[in-house]
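Here is the structure we will look at.
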Amino acid sequence: MLSADERIQPGRPGPLGAALCNGGVNFAVFSRNAVRVRLELFDSPKDAKASRSIDLEAAQNRTGDVWHVWIKGIQPGQLYAFRMDGPYAPSDGHRFNFNKLLLDPYAKAVTALSGWDFDPALGYDPAAPYGNVPSKTDDAGAMPKAVVVDDDFDWKDDAPPRHPLAQTVIYETHVRGATVHPSSGVAHPGTFRGLIEKIPYLKKLGVTAVELMPVHEFNDAQVTSALGKSLKNYWGYDPVVFMAPKASYSSQAAPGGQVREFKEMVAAFHQAGMEVILDVVFNHTAETDLLGATLTFRGMDNSIYYLLQEDKRLYKNFTGTGNTINANHPMVRRHIVESLRYWAQEMHVDGFRFDLGSILNRDTNGNLLSNSPLLDQISKDEVLKDVKLIAEPWDAAGAYQLGGLSTPRWSEWNDRFRDDVRRFWRGDEGMLGAFASRICGSADIFARGGKGPFNSINFISCHDGFTLNDLVSFDAKHNEANKQNNNDGSNENFSYNYGFEGTAADAGIEAVRKRQIKNFLLTLFIARGVPMLLGGDEFRRTQGGNNNAYCQDNATSWYDWGLLANSKEIFDFTCGMIAFRHNHPALNQPRFYTDADIQWFSFQGGLPDWNDPQEKRLACLVREEKGQALFLMFNAGFEGVDFNLPAIPSGTQWYRMIDTWMETQDFGITRKCCLDNAGHYHLNPRSSAILWAR
């Protein structure tokens with residue numbers, strides 16, 4: 001029977017997780033197939049023995065599939081975890097093991113996981129084949145614990161900026177990597193607070209949103225490919241739970257301090273007029289395959305939380321990480337939506353980027369759906385109504401849904417923009433039409449699904465692949481430090497080193513590299529759609545040719561802010577292009593161009609020959625209000641050429657705004673560009689330019 005102690009009551013089945021109420025805490029956890037549940041309270045993170053254990057009995061502490069108990073006097077900061085008993089029958093999909101301490105799936109904070117050894121958390125006897133025999137090892141001393149959190153926070157007059165997509169410029173960055181290098185100059189390196197210290201810099205740059213790589217709690221000691229103790233899980237795409245910000249990203253050591261510091265960071269960004277977007281991973285967890293650890297979901301109800309193969313000992317692996325979340329199971333769907341609601345409502349997050357978003361479009365058998373209940377529910381949820389929704393519209397099992405993932409509510413990472421723009425500026429043949437389509441917002445991809453240009457998240461580089469500097473410095477990837485014989489990472493980078501692999505002392509090579517970087521940046525910021533800049537590209541951050549630095553928690557990935565002093569030309573150009581985009585609304589309208597808006601030209605002044613695979617030069621006239629117009633010229637060829645200029649209304653003149661051949665730009669109207677012959681503009685090889693008729 002339940003303890004007669006009046007401080008312990010049956011509690012209630014909602015909300016799930018640990019909720020402060022009535023002078024105590026209500027604990028509620030879901031498990032359909034468990035037969036016994038124990039709640040354990042701990043005094044310190046490394047305790048192997050609970051200070052108090054409460055057994056939950058089905059007759060009093062179970063409502064439907066939810067187990068619950070209320071305990072008087074529990075305060076914020078209390079450490080806790082669960083044990084679940086039930087069948088250990090892998091062939092039936094069940095992996096309950098009462099010897100294993102389990103994190104609450106709804107935990108809002110977890111004790112620090114740095115250096116966490118998963119071996120004690122194995123739910124099976126490693127000596128037995130296929131994990132068929134349960135482990136008898138109690139792992140409480142090695143397991144992190146969940147933390148009871150008080151969500152109360154004085155947001156003062158915090159107001160989300162709610163920038164429309166038309167005015168959004170995203171800066172993708174890594175919380176730790178952005179400030180952990182000694183050159184960062186911050187007082188709290190590698191933390192949320194350290195990122196606060198970089199807000200003035202980001203404000204000067206002109207971006208309107210930061211997109212943070214995963215901040216959900218993960219084990220940075222876990223490298224999924226088991227490459228060696230010297231490597232770490234740096235990127236963080238292996239979540240342990242979905243609602244807890246990572247403890248090691250906080251400068252506050254007290255349990256739960258990471259929640260307050262995260263909120264302080266969001267409030268600071270909002271005060272500066274910038275939004276915070278989270279890169280979220282709801283497609284798999286750190287528990288990996290059948291030989292992975294039992295940390296939370298597997299021990300809570302394995303057959304419900306994961307997609308299993310016909311042989312239920314095995315996991316369907318659409319993610320490339322060993323397991324796949326059963327995202328469209330009603331209970332799992334509820335958990336994902338409530339996690340998003342928590343980040344939006346309690347943490348004031350402004351948007352989400354969904355890693356391997358096509359996983360959320362698979363049914364409980366793993367088949368792709370034409371209309372995912374989960375994606376539809378997220379898009380229509382009343383709490384999430386105003387947040388930005390961005391999906392990576394593919395997965396690791398071959399699903400590729402660019403332009404067709406769910407409704408127009410969802411924007412999508414446009415890898416076609418990345419590849420086509422890279423190939424055009426590299427000088428590949430037959431890229432004229434594709435390049436023009438990407439500039440215009442990729443109507444060929446998005447219009448058929450009723451979407452517009454701002455459903456396209458445009459990028460040249462992102463965390464996954466070469467940095468912009470490395471794109472113009474390496475012909476091939478150099479991932480030897482990842483200890484996989486350089487077999488990991490993409491081989492299709494569409495990069496070029498311009499005569500030397502890596503850092504070059506040759507002034508000519510350096511000049512063309514800088515020019516190409518500016519060409520890429522110009523293209524990114526004049527294209528319709530939402531531009532996303534990879535953090536550090538504005539000062540030529542390099543990873544030494546590593547295009548898959550997920551396990552490089554070191555100088556390979558960290559931002560070396562010392563590069564900024566030597567890359568002022570690129571930094572100033574980036575700032576100028578972002579401002580130029582904001583100052584010319586014709587470039588960022590929320591609809592596709594019509595023939596009345598834009599006109600295309602060959603460099604001779606006639607219509608382009610779209611079918612000529614050798615042609616690498618193109619121009620377009622973008623009409624603005626009051627008879628003004630922008631003339632954009634692109635020369636990816638190896639020789640300079642004179643572009644014939646179109647006629648403009650009487651009383652207007654051409655002004656050169658930008659020419660990537662030049663070291664400095666006007667971005668204004670101080671220089672007339674037309675010479676006495678006034679009919680053409682000479683554009684040097686591998687250059688782009690923008691003229692303004694006013």
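Within segment 283-297, can you find the residues that are closer than 27 Å to F262 by Cβ and surrounded by 24 or more Cβ atoms within 10 Å (Cβ to Cβ)?
We begin by selecting, within segment 283-297, every residue closer than 27 Å to F262 by Cβ; these are 283-288, 293, 295-297.
Those that are closer than 27 Å to F262 by Cβ and surrounded by 24 or more Cβ atoms within 10 Å (Cβ to Cβ): N283, H284, T285, A286, E287, A293, L295, T296, F297.
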Only one of F424, F354 is closer than 21 Å to M243 by Cβ, modelled with pLDDT of 95 or more and not charged (D, E, K, R), namely F354
Checking T324, T296 in turn, the sole residue that is in contact (Cβ under 8 Å) with a residue 24 or more places away in the chain, within 28 Å of F192 (Cα to Cα) and hydroxyl-bearing (S, T, Y) turns out to be T296
Per the filter on segment 180-211, residues in a helix (DSSP H, G or I) and either hydrophobic (A, V, I, L, M, F, W, C) or in contact with a strand residue (DSSP E or B) (Cβ under 9 Å, 6 or more places away or on another chain) (or both) are F192, L195, I196, I199, L202, L205
Answer from L618, L607 - the residue that is in a strand (DSSP E or B), at pLDDT 95 or above and either touching a helix residue (DSSP H, G or I) at 6+ places or on another chain (Cβ under 9 Å) or of a type outside the set (G, A, S) (or both): L618
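Every residue in segment 401-445 that is among the β-branched types (V, I, T) and in contact with a Phe, Trp or Tyr (Cβ under 7 Å, 6 or more places away or on another chain), please. I'd like the intermediate steps shown before the answer.
Pass one, segment 401-445, residues among the β-branched types (V, I, T): 407, 421, 439, 445.
Answer for segment 401-445, where residues must be among the β-branched types (V, I, T) and in contact with a Phe, Trp or Tyr (Cβ under 7 Å, 6 or more places away or on another chain): just V421.
Is at least one residue of segment 262-279 outside any strand (DSSP E or B), touching a Gly at 6+ places or on another chain (Cβ under 9 Å) and at pLDDT 95 or above?
Kept after step one, since they are outside any strand (DSSP E or B), are these residues of segment 262-279: 262-274.
Cutting the leftovers down to touching a Gly at 6+ places or on another chain (Cβ under 9 Å) gives us none.
Looking for residues that are outside any strand (DSSP E or B), touching a Gly at 6+ places or on another chain (Cβ under 9 Å) and at pLDDT 95 or above, one finds none in segment 262-279, hence no.
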Unique residue being in contact (Cβ under 8 Å) with a residue 24 or more places away in the chain and surrounded by fewer than 23 Cβ atoms within 10 Å (Cβ to Cβ) when the list is A253, A272: A272
Which of the residues belonging to segment 434-460 are in a loop (DSSP other than H, G, I, E, B) and either surrounded by fewer than 24 Cβ atoms within 10 Å (Cβ to Cβ) or hydrophobic (A, V, I, L, M, F, W, C) (or both)? C440, G450, G452, I460
Condition check: over 30 Å from A629 (Cα atoms) and modelled with pLDDT under 95. Does A505 satisfy that? yes
A59 meets each of (1) assigned to a loop (DSSP other than H, G, I, E, B); (2) more than 21 Å from G256 (Cβ to Cβ) with one exception, condition (1)
Would you check if there is a residue in segment 470-478 being under 21 Å from the mean Cα position of the chain (by Cα), modelled with pLDDT of 95 or more and hydroxyl-bearing (S, T, Y)? no
With respect to R62, determine if the residue is farther than 22 Å from T137 by Cα and either among the basic types (K, R) or in contact with a Cys (Cβ under 9 Å, 6 or more places away or on another chain) (or both). yes
May I ask you to verify whether G544 is at pLDDT 95 or above, among the small types (G, A, S) and farther than 26 Å from M662 by Cα? yes
With respect to A565, is the statement that it is part of a helix (DSSP H, G or I), of a type outside the set (D, E) and free of Cβ contacts under 8 Å to residues at least 24 places away in the same chain true? yes
In this structure, does S473 turn out to be within 23 Å of L521 (Cα to Cα), in contact with a strand residue (DSSP E or B) (Cβ under 7 Å, 6 or more places away or on another chain) and surrounded by 24 or more Cβ atoms within 10 Å (Cβ to Cβ)? no
Only unsatisfied item for A48, checking (1) of a type in the set (A, V, I, L, M, F, W, C); (2) free of Cβ contacts under 8 Å to residues at least 12 places away in the same chain; (3) surrounded by fewer than 15 Cβ atoms within 10 Å (Cβ to Cβ), is (2)
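For segment 142-165, which residues satisfy the criterion of being over 30 Å from G206 (Cα atoms) and not β-branched (V, I, T)? Spell out the reasoning first.
Residues of segment 142-165 that are over 30 Å from G206 (Cα atoms), as a first pass: 142-152.
Answer for segment 142-165, where residues must be over 30 Å from G206 (Cα atoms) and not β-branched (V, I, T): A142, M143, P144, K145, A146, D150, D151, D152.
The values are calculated or read from the model by the stated rules, or taken from the named source; none is laboratory data. Bear in mind the structure is a predicted one, so any value in this text is a computation, not a measurement. Don't worry about glycine lacking a Cβ; one is built from the backbone with ideal geometry, like all the others, and counts go over all protein chains shown.
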